[in-house]
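Chemist: Please find one structure pasted underneath; my questions will follow.
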Amino acid sequence: MPFFSYLPAYELNRSPRIIVAFDLDFLRNIEAFKRSIPTGERFTMLLQLGWSTHEPKFLDELKTRMADARQSFPEARFVFLSNDESSIPLLSGSAECILCNHNAFLDPSRYPVATGRRKFDALYLARITPFKRHALAAKVPSLYIIGSRSPKEEEYFQTVMRTVPYAKWDEKVRSFRIGGCITKAHCGLALSAMEGAMFACGEYTLCGIPVVNTANFGGRDLLLPDFAEFKAEDTADSVAEGVEYWKSNPVPPQEIRDAFIKLAGEHKARLSDLVDSIAGRHVAFPHKLGVRVTLLPHQKFLHCVRRHG
């Protein structure tokens, strides 16, 4: 173990302590957090939703583990940050819940606005896993896929490669290069039926490219400007039609970006009001709220919850 080891969470404020983490990153590590947070400390725990609460198995686990968390930390204040309105009543009995889509906390400065010629018809920024439904992109003539693969899902990966043998695929792209890759495409694809809010959907729009989007649960539609969305059916023909539509009917990239930032601003303001009222000062939000991102050693030391035991 390294000299310092940290839990999967980020401290937005140290005193009073305000911590943010993805739901199960915290709830599945309750014992580790109990060893790291002094008994009896009053703190605020902000929990981002990493998956749709419309999946019964996920919702049941969330509620069960949330009950355990309340017993473990009776002095804590728990607040769910919901990616969509429909999740709020489903979570109301477990903890406070506010509408606060996690895509709102992407740092715009990391994403350049698309200019010039486009190399690809479409980009699908999505790891190679079944729920991403890559087969729906089978009829896109010029496709760029960025996404990691898992040895446990090798069969699915091989199926995808056979389905789109002409596609360019990069398993990993450094975070500072993602924006430049997005700007090479006419549009972005969002093809899952259920997941979370899908950071890639916000990244597409910050770079000013429109989206071909299927019906879904999870919240990615909430910050997607209407004029930058083609609503596709769950067929490869419909997705290809959407891609061709955006090639033939481009939208000024800056307009897409500005519309996203305006929508996101409401969510950032809502969380800022809450956090500032607890901290008693203005708290600046880092990229993705500092969660599941690469941090420098000094950032970890200053803002992460150190693991004990």
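The values are calculated or read from the model by the stated rules, or taken from the named source; none is laboratory data. These figures come from a predicted structure and were not determined experimentally. No Cβ is skipped: glycine too gets one built from the backbone with ideal geometry, and neighbour counts run over all protein chains shown. What goes into the accessible areas is simple: the full protein's heavy atoms, side chains included, and nothing from ligands, DNA or RNA. Shrake-Rupley method; radii C 1.70, N 1.55, O 1.52, S 1.80 Å.
Chemist: Among the residues of the range 201-215, count how many are crowded, with 22+ Cβ neighbours inside 10 Å and farther than 13 Å from PRO252 by Cα.
Modeler: Here the count works out to 7.
Chemist: Count, please, the residues in the range 205-232 that happen to be over 19 Å from LEU90 (Cβ atoms) and outside any loop (DSSP other than H, G, I, E, B).
Modeler: Of the residues in the range 205-232, 13 are over 19 Å from LEU90 (Cβ atoms) and outside any loop (DSSP other than H, G, I, E, B).
Chemist: Could you tell me which residue of the range 271-309 is nearest to TYR10 (Cα to Cα), considering only residues that are polar (S, T, N, Q) and out of contact with any Ser or Thr (no Cβ under 7 Å at 6 or more places or on another chain)?
Modeler: This residue is GLN299.
Chemist: Based on this model, can you work out whether THR235 counts as of a type outside the set (A, V, I, L, M), open to solvent by 40 Å² or more (accessible area, probe 1.4 Å) and under 18 Å from the mean Cα position of the chain (by Cα)?
Modeler: no
Chemist: Okay, next question. Could you tell me which numbered condition THR183 fails, if it satisfies all but one of (1) of a type in the set (Ser, Thr, Tyr); (2) without any contact (Cβ under 8 Å) to a residue 40 or more places away in the chain; (3) open to solvent by less than 50 Å² (accessible area, probe 1.4 Å)?
Modeler: (2)
Chemist: May I pose another question? How many residues are assigned to a loop (DSSP other than H, G, I, E, B) and either among the β-branched types (Val, Ile, Thr) or open to solvent by less than 30 Å² (accessible area, probe 1.4 Å) (or both) when one looks only at the range 261-294?
Modeler: 4
Chemist: Moving to a separate point now. Filter the range 9-36 down to the residues that are β-branched (Val, Ile, Thr) and buried (at least 20 other Cβ atoms within 10 Å of the Cβ), then identify the one that is farthest from SER192 (Cα to Cα).
Modeler: ILE18
Chemist: Going through ARG220, ARG127, ARG162, ARG149 one at a time, which residue ends up being out of contact with any Leu (no Cβ under 7 Å at 6 or more places or on another chain), surrounded by 23 or more Cβ atoms within 10 Å (Cβ to Cβ) and charged (D, E, K, R)?
Modeler: ARG220
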